[in-house]
Amino acid sequence: MSTTNETLNQMSLLDAFVKVAPYLNQLSQEDVTVGIYNTEELVLNIPGKTFQLPVKVGDPLQEGDIIAKAIMDNQFESMVVPKEVFGVPVVANAIPLRDENNNVIGGVGLGTSIEKNQLLADVSHNLTDMFENMGATIEEITSSIDELSNNLDHTNEAFTEMGTRVHEIETFSGEVTSISEKSHILGLNASIEAARAGEFGRGFSVVSKEVQNMGAQTKQFANDIRLTTNALSEQIHSLQEMVSNVNQQSTDQAKAIEEMSETVQSVYKDIQKLNSLATTRLDENNGADQS
């Protein structure tokens, strides 16, 4: 009678799992496969959507199989099965089935594909690396723009100093023009006095002409300086405007890059959260395997 009750209990428990098993894959958000064994052979195998176990009903328990281990050790077992076995990485969990007297009568195994988790982890790792590199690149660009801005400031200061020197040359040119005009007047006066002196003023007349020539040449030289400095002043002013425009553009670019950097940092934080979540899920699977 005891044997009959035990057989009924055993059949009832296994039958319950056999009836429920086909619905587990539908109820789970993950892709799972279900295997049910008695103490000797496979009773039922429900394949997953993307993978299945290489077994059929009636196959005997295999030493080293996760369900066989759960039955033999009479305890929960878990392991991570690499992609090479089923084509996708799988987390396998198995429990022993016991009767009312706590005797092991079989086992149930559930294999869950972690391909999506692995893909999520790989993608998040790649994104993390990419955004880290992007952040480093933005820092380099920002540093380069800052250096460019500093150089432009120094260049603008140099142009300002150059403009000051050109103004000094213009002032000097004006003084030279004044001297040339005075020399010319002096030469004219000397010519007049030489003419009055007659024969005695002939030598002085030569000198007065040279003074006049020198005054004329000096005036022409001063005029040439003025023309040159005017052209140089215009060029310096034009260069200063160009430097100012470039500096403004670099400032605008720096602001744009700063805004982009803030966006990148925000996305990077979200990716880190995603990476942490994916890594945690994989670690939980590996931890379950090690336990």
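Ordering 17, 51, 131, 76 by accessible area with a probe of 1.4 Å, largest first, what comes out? Don't jump to the answer; show the numbers that get you there.
Details: 17 65, 51 10, 131 30, 76 115 Å².
In descending accessible area the options line up as 76, 17, 131, 51.
Using a 1.4 Å probe on the protein heavy atoms only, what accessible surface does residue 227 show? Give it in Å² to the nearest 10.
For residue 227, the solvent-accessible surface is approximately 90 Å².
Residue by residue through the range 118-125, which ³J(HN,Hα) values in whole Hz follow from phi under the Karplus form 6.51 cos²θ - 1.76 cosθ + 1.60 (θ = phi - 60°), with glycine and proline marked x?
Coupling constants for the range 118-125: 5, 4, 4, 5, 5, 5, 5, 5 Hz.
What's the local net charge at residue 58, with K and R +1, D and E -1, over the other residues with C-beta under 13 Å away? Spell out each step's value before the answer.
Values: positive: 56; negative: 40, 41, 59.
Summing Lys and Arg as +1 and Asp and Glu as -1 gives -2.
State which entries of 116/273; 49/116; 83/269; 49/69 exceed 22 angstrom in Cα-Cα distance in the structure shown.
Values: 116/273 17 Å; 49/116 13 Å; 83/269 30 Å; 49/69 25 Å.
Result: 83/269; 49/69 exceed 22 Å.
Output wanted: per-residue J couplings in Hz (rounded whole) for the range 130-147, from phi through Karplus 6.51 cos²θ - 1.76 cosθ + 1.60, θ = phi - 60°, x for Gly and Pro.
So the Karplus estimates, Gly and Pro as x, are 4, 6, 5, 5, 5, x, 5, 5, 4, 4, 5, 5, 4, 4, 5, 5, 4, 5 Hz.
Accessible area per residue, 1.4 Å probe, Å², for the range 2-113: what's the number? Spell out each step's value before the answer.
Details: 6340 Å² over 112 residues.
Per residue, the range 2-113 has 57 Å² of solvent-accessible surface.
Going by amide H atoms built from the backbone, whose H comes under 5 Å of the H on residue 106, apart from near neighbours?
Under 5 Å from the amide H of residue 106 lie the amide H atoms of 97, each far enough along the sequence or on another chain.
Using the Karplus equation 6.51 cos²θ - 1.76 cosθ + 1.60 (θ = phi - 60°), what ³J(HN,Hα) coupling, rounded to whole Hz, does each residue of the range 86-91 give in order, writing x for Gly and Pro?
10, x, 9, x, 9, 9
Evaluate the charge dipole of the range 56-146 about its Cα centre and quote only its size in Debye, nearest 20, assuming +1 on the Cβ of each Lys and Arg and -1 on the Cβ of each Asp and Glu.
500 debye
Using a 1.4 Å probe and ignoring any ligands, DNA or RNA, find the accessible area of residue 162 and quote it in Å² to the nearest 10.
Its accessible surface works out to 80 Å², give or take rounding.
The values are calculated or read from the model by the stated rules, or taken from the named source; none is laboratory data. Fair warning: this is a prediction, and the values are worked out from it, not measured in the lab. Note that each Cβ is placed from the backbone with ideal geometry, even for glycine, and that neighbours are counted across all protein chains shown. When the accessible area is computed, the model is the full protein with side chains, heavy atoms only, and any ligands, DNA or RNA have been set aside. Shrake-Rupley method; radii C 1.70, N 1.55, O 1.52, S 1.80 Å.
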